[in-house]
4 protein chains.
Amino acid sequence: MYFREILGMEVAGERGDSVYLRAFGDYERASLKLTTAAQSGIGHIAYRTHSPEALERRVGVLQANGVAGEWTDGDLGHGAAYSFHDPDGHRFELFYESERYQVPPELRPALKNQPHRYPGRGVGVRHLDHVNFLAVDPAEDRVFLEQNLGLRLTEQIVLDDGTEAGVWLASNQKSYDVTYTRDQTRTRGRLHHVAFFVDQREDVLRGADIFLEHGIVMESGPHKHAIQQTFFLYTWEPGGNRIEICAGGFLIFAPDHEPVVWSQAERAKGQAWGMQTVASFHIKGSPPVPEEDVLLAAHGR
Amino acid sequence: MYFREILGMEVAGERGDSVYLRAFGDYERASLKLTTAAQSGIGHIAYRTHSPEALERRVGVLQANGVAGEWTDGDLGHGAAYSFHDPDGHRFELFYESERYQVPPELRPALKNQPHRYPGRGVGVRHLDHVNFLAVDPAEDRVFLEQNLGLRLTEQIVLDDGTEAGVWLASNQKSYDVTYTRDQTRTRGRLHHVAFFVDQREDVLRGADIFLEHGIVMESGPHKHAIQQTFFLYTWEPGGNRIEICAGGFLIFAPDHEPVVWSQAERAKGQAWGMQTVASFHIKGSPPVPEEDVLLAAHGR
Amino acid sequence: MYFREILGMEVAGERGDSVYLRAFGDYERASLKLTTAAQSGIGHIAYRTHSPEALERRVGVLQANGVAGEWTDGDLGHGAAYSFHDPDGHRFELFYESERYQVPPELRPALKNQPHRYPGRGVGVRHLDHVNFLAVDPAEDRVFLEQNLGLRLTEQIVLDDGTEAGVWLASNQKSYDVTYTRDQTRTRGRLHHVAFFVDQREDVLRGADIFLEHGIVMESGPHKHAIQQTFFLYTWEPGGNRIEICAGGFLIFAPDHEPVVWSQAERAKGQAWGMQTVASFHIKGSPPVPEEDVLLAAHGR
Amino acid sequence: MYFREILGMEVAGERGDSVYLRAFGDYERASLKLTTAAQSGIGHIAYRTHSPEALERRVGVLQANGVAGEWTDGDLGHGAAYSFHDPDGHRFELFYESERYQVPPELRPALKNQPHRYPGRGVGVRHLDHVNFLAVDPAEDRVFLEQNLGLRLTEQIVLDDGTEAGVWLASNQKSYDVTYTRDQTRTRGRLHHVAFFVDQREDVLRGADIFLEHGIVMESGPHKHAIQQTFFLYTWEPGGNRIEICAGGFLIFAPDHEPVVWSQAERAKGQAWGMQTVASFHIKGSPPVPEEDVLLAAHGR
């Protein structure tokens, strides 16, 4: 299985037609929920709030702003959650009560400051890093998350006509944890990728060797993004979603950090050390839509 | 010069008998102030607050707690600062107004999300990472910083007799930025080391090659600490202070993180992948004191 | 200067309109000769023989096989050389007398088993690794080098029609030191690239950061070739020649090693962890020829 | 099992009370033979000759020099071998006929120039790298191997009294494949360590993480040796032999390479980037002898 054998994650539990997974550095019980489905794509993203009060405060803001939402009973690993959708149609959840991971004896780490032992199997991802949604209008989602969740814009792409082609948002020192880039097929609610973090750039390179041995399709990388300076490798998991393995990047220490704005001309220079990424990277999402093929054909593929 | 040629830092300015330096990822004008002095040691550590209001709030707390302190006019790169001492006698400053680094044309980076260009010279440190003070009683300083600055304990060493032999404190997601470890000579106000961050463990290894070529004394490392999992290399700069080059470690995402407590027995297992570090690492600080030689002799050196 | 400041090489001497360079691990005085010229391209490649007797033996074989050639007086760093051309028109030299590098005090290494100190400047290449020629018919050159120099074929690309599209030849345990790939413009005597070795894949990644900061065009990589498993990065030096920075690969220990043959279908799978390299990589050489533009246009560029 | 699960080797076969193992880059069927025994230590080292003629030639030299020896029928993976002992009493074998590894479908690599797939399990060693014997008088063994096997001395330690405390010998471009260092217990025929190669220094660091998780004792490293510049990590396998994981080093391209001689004073400076290695590293071998404890006690352990 891609997530367990190749990425090196562990199964944290099963419920209904879902299996829950975790990486060795995730402090909560589970970080990824895989559900049997007719097509690929992302079900929801869940953010844990800083405190029970913060959860109440955020729900209050959402309600005051007229955002439709509802409380759910929670899920394996976390308690009651407030569910709502961003303007592009992706489902979000907010919760505070979280089941701290209890390590079984066979996964007990040598170093007690680590949730479970380093797998020594496959890529060995440390933790869930970020989610990149596709959106018809990333600016709309940016404003929504700034106003309702208090997220902070750290970098963005602004085209010559003023369109925001991409926005990177952070909740804290980590320079982003949710991203929206433009869906060129103009479909709502799709996923670009989910990313898992590894400690070293060399782990990404070793990951490429492992993906190659397992016949996993790599789409782009290993390379370093200009935006956010993340060192990346994009693969397609067997269920049809794009998964990034990432390393590096940097923290933002400035409390008064101003968003870095990339212009259309700067983007045209190439994202990866000045080199271009493949057309499919800018077009394909999950679930797939027929418009992708039209766009890919226009790019000569 | 050690800091410029070997670490790869840039000179940010000079004033009086001080020279100010910065690393390529430091967003403020300067991160290190070197002052001509009769002996080694640390003059002060300065923390930037999150906002002007936070600065006022902290000064209010210090005053309410009866901590002696005074306002200073600021320094090259930052505005008015409030100066006080921790119980062990190290001087702290708090400020908010900070001069954002203005990059000169010759240091302009290829990637605009980086303060200045990657030096491609020497070790290439990215930013000031943390300061490790020595203290007669680390617990006393821990309580002081928790109560007055709102710092959070993330890891600590507690000996069998209850003594806190080391404390690691954080202000945010980065798992520590100030540390106190016990001064075995029982002298107050000394420094153990100042640390600079590099992006990859491999940069630390390459750093060791560079230090060797320049005849810089390396004391310990490259190895991985059990505590905080930092990958480290300790050197002595020509002025007589211990400088760490570090990489790796991890972020703390749990808002309800509980401090990791290392017992005397766990510490005795060895800090570096289960191996021992040299005795001088646990004894020497700056400025040097005669008691160090007595202790080193007792360890057979 | 690209070679000195960016690659981290040293100037080994100057003579006439040529400057000679060396990398820190090159045991001979110089490994690269740069000559002022009206156009880019490679002047010659020089092989040192294993002994004076081997030199005589090789010249005898060349003469017996009717290959035109002549003795020259040598060059800066080496003695008398026998000069001849391969069937595609590249000039070769063979020599034995070589000036062992005498390190000046300022470049004396900390470790005496290293010719000069690690530069700690730029990419820090260790030694000249290999030369990749373009040829109208690589098979013709392969047979020539096997028969006249006793080189050994280690890997090759054989298309469905039997054409050898690429040949990799070795003189010893290192798995190749000279390569011929097909010149799609059908021009004779051109260069594809010259490669310099670095110790770690991470040095190649760091090299990409350095090239980016210096505005050096990177064409392809960092990636791992399927053939020979070399980890690579291709750049264009200001003089118009393609320079590879490489790491990794493997040694050949089998005295009865059989060449690895890559079929057309295998090549079509993509060279770099299953991904494609850019069209220019397969078309451009030095000196440039007008046919390149026609071919590039056909690839949609 | 240490070799299979932790180092990532594969079982190549079993015969009698021996199990044979191989690493993913070993081109022969097996590179390591583990035999049930009452004590630790090395049974023999086997060298493959360059050709059948070379085998005959070497046996002829041994016999002409009056070295006692005998032909054996071979072993799993190789044909008839000539067996003899070096002056210190270690058993050697020479053979030519070798069974080239036939990869089973489940281990077929993605890249056909690699014997079997990269394991993605444990440390992931590429090939057997070298053997380091202990000897009462390394010089005696050096002369023996130079004269009888034609090996070449590449580096050595010569003490002030002329004693050779260590000798490194090579058969080709790889800078050593057999080493003798002085047995301070003055016991004959012991082993210091067997070493396996990994591709990157980062693999050694990752290896340390994996050994720690498995409770494997690490004795020294990860560090870089001054001699040969090998990046190393020494562990003790459960059977009681020291195993090195190594990376880096360099090739020797000079046909007229002169041995690098390290003096007593140079050695005293510390081997690992100028730092000292632990006393046990210089004293312990396998099988263990009581004299080790006496020497260790004298070093304060």
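The values are calculated or read from the model by the stated rules, or taken from the named source; none is laboratory data. Please read all numbers here as calculations on a predicted model, not as lab measurements. As a convention, Cβ positions derive from the backbone with ideal geometry for all residues, glycine included, and neighbour counts pool all protein chains shown.
Checked against (1) in contact with a Lys or Arg (Cβ under 8 Å, 6 or more places away or on another chain); (2) more than 26 Å from D:ARG206 (Cα to Cα); (3) without any contact (Cβ under 8 Å) to a residue 60 or more places away in the chain; (4) within 14 Å of chain A (Cβ to nearest Cβ), B:GLU258 meets all criteria but (1).
When the stretch D:211-234 is examined, which residues are found to be within 14 Å of chain A (Cβ to nearest Cβ) and either among the charged types (D, E, K, R) or crowded, with 23+ Cβ neighbours inside 10 Å (or both)? Walk me through it before giving the result.
So in the stretch D:211-234, the residues within 14 Å of chain A (Cβ to nearest Cβ) come out as D:211-218, D:222, D:231.
D:PHE211, D:GLU213, D:PRO222, D:PHE231 - these are the residues of the stretch D:211-234 that are within 14 Å of chain A (Cβ to nearest Cβ) and either among the charged types (D, E, K, R) or crowded, with 23+ Cβ neighbours inside 10 Å (or both).
Scanning the stretch D:36-56 for residues that are within 14 Å of another protein chain (Cβ to nearest Cβ) and either over 21 Å from the mean Cα position of the chain (by Cα) or not β-branched (Val, Ile, Thr) (or both) turns up D:ALA46, D:TYR47, D:ARG48, D:HIS50, D:SER51, D:PRO52, D:GLU53, D:ALA54, D:LEU55.
Of all residues in the stretch B:191-210, exactly one satisfies the criterion of being surrounded by fewer than 24 Cβ atoms within 10 Å (Cβ to Cβ) and more than 23 Å from B:GLY25 (Cα to Cα), namely B:LEU191. Regarding the stretch B:188-209, can at least one residue be identified that is away from chain C (no Cβ under 14 Å), more than 26 Å from A:GLN173 (Cβ to Cβ) and of a type in the set (Lys, Arg)? There is at least one residue in the stretch B:188-209 that is away from chain C (no Cβ under 14 Å), more than 26 Å from A:GLN173 (Cβ to Cβ) and of a type in the set (Lys, Arg). Each residue in the stretch B:24-35 was checked for being within 14 Å of chain A (Cβ to nearest Cβ) and either in a strand (DSSP E or B) or on the phi > 0 side of the Ramachandran plot (or both), and 1 of them qualify.
Within the stretch B:29-67, being farther than 20 Å from B:LEU169 by Cβ and crowded, with 20+ Cβ neighbours inside 10 Å holds for one residue alone: B:ALA30.
Given the criterion out of contact with any Lys or Arg (no Cβ under 6 Å at 6 or more places or on another chain) and among the hydroxyl-bearing types (Ser, Thr, Tyr), identify the matching residue among A:SER98, A:SER83. Give the steps one after another, and end with the answer.
Values: A:SER98 fails: out of contact with any Lys or Arg (no Cβ under 6 Å at 6 or more places or on another chain).
One residue alone meets the criteria, A:SER83.
The lone criterion from (1) touching a Gly at 6+ places or on another chain (Cβ under 9 Å); (2) within 21 Å of A:ALA247 (Cβ to Cβ) left unmet by B:GLY248 is number (1). A:GLY89 satisfies every condition listed in (1) within 19 Å of the chain's Cα centre (by Cα); (2) within 13 Å of another protein chain (Cβ to nearest Cβ) except (2). If you go through the stretch A:136-187 and pick out every residue that is of a type in the set (Ser, Thr, Tyr) and within 13 Å of chain B (Cβ to nearest Cβ), you end up with 4. The set of residues in the stretch D:267-277 that are surrounded by 16 or more Cβ atoms within 10 Å (Cβ to Cβ) and either over 18 Å from D:TYR180 (Cα atoms) or among the hydroxyl-bearing types (Ser, Thr, Tyr) (or both) comprises D:ALA272, D:TRP273, D:GLY274, D:MET275, D:THR277. Selection of the stretch A:9-60 for residues being under 20 Å from A:GLN102 (Cβ atoms) and in contact with a Pro (Cβ under 7 Å, 6 or more places away or on another chain) yields A:PHE24, A:GLY25, A:ASP26, A:TYR27.
Being away from chain A (no Cβ under 14 Å), at pLDDT below 95 and assigned to a helix (DSSP H, G or I), is that true of even one residue in the stretch D:268-276? There is at least one residue in the stretch D:268-276 that is away from chain A (no Cβ under 14 Å), at pLDDT below 95 and assigned to a helix (DSSP H, G or I). The one condition from (1) more than 30 Å from A:HIS214 (Cα to Cα); (2) under 21 Å from the mean Cα position of the chain (by Cα); (3) surrounded by 14 or more Cβ atoms within 10 Å (Cβ to Cβ); (4) of a type outside the set (Asp, Glu) that D:ALA80 does not meet is (2). Please indicate, with yes or no, whether at least one residue in the stretch C:98-116 is closer than 25 Å to C:LEU134 by Cα and surrounded by fewer than 20 Cβ atoms within 10 Å (Cβ to Cβ). No; the residues of the stretch C:98-116 include none that is closer than 25 Å to C:LEU134 by Cα and surrounded by fewer than 20 Cβ atoms within 10 Å (Cβ to Cβ).
Checking each residue in the stretch D:140-157 for being in contact with a Gly (Cβ under 9 Å, 6 or more places away or on another chain) and aliphatic (A, V, I, L, M) picks out only D:ILE157.
Which of the residues belonging to the stretch B:177-227 are more than 30 Å from B:LEU149 (Cα to Cα) and polar (S, T, N, Q)? Matches in the stretch B:177-227: B:GLN200, B:SER220.
How many residues are out of contact with any Pro (no Cβ under 6 Å at 6 or more places or on another chain) and either within 29 Å of D:GLY122 (Cβ to Cβ) or among the charged types (D, E, K, R) (or both) when one looks only at the stretch A:117-154? The number of residues fulfilling the criteria is 16. Evaluation of B:ASP203 against the conditions (1) over 20 Å from A:ASN113 (Cβ atoms); (2) under 15 Å from the mean Cα position of the chain (by Cα) shows that the sole unmet condition is (2).
The requirement of being under 17 Å from the mean Cα position of the chain (by Cα), away from chain A (no Cβ under 12 Å), of a type outside the set (Val, Ile, Thr) and closer than 21 Å to B:SER171 by Cα is fulfilled nowhere in the stretch B:277-287; no residue meets it. Here D:GLU292 passes the criteria (1) out of contact with any helix residue (DSSP H, G or I) (no Cβ under 9 Å at 6 or more places or on another chain); (2) part of a helix (DSSP H, G or I); (3) not hydrophobic (A, V, I, L, M, F, W, C) except the one numbered (1). Restricting attention to the stretch A:57-85, the residues being acidic (Asp, Glu) and part of a loop (DSSP other than H, G, I, E, B) number 1.
The residues in the stretch C:235-248 that are at the interface with another protein chain (Cβ under 9 Å from one of its Cβ atoms) and at positive phi can be counted, and the count is 1.
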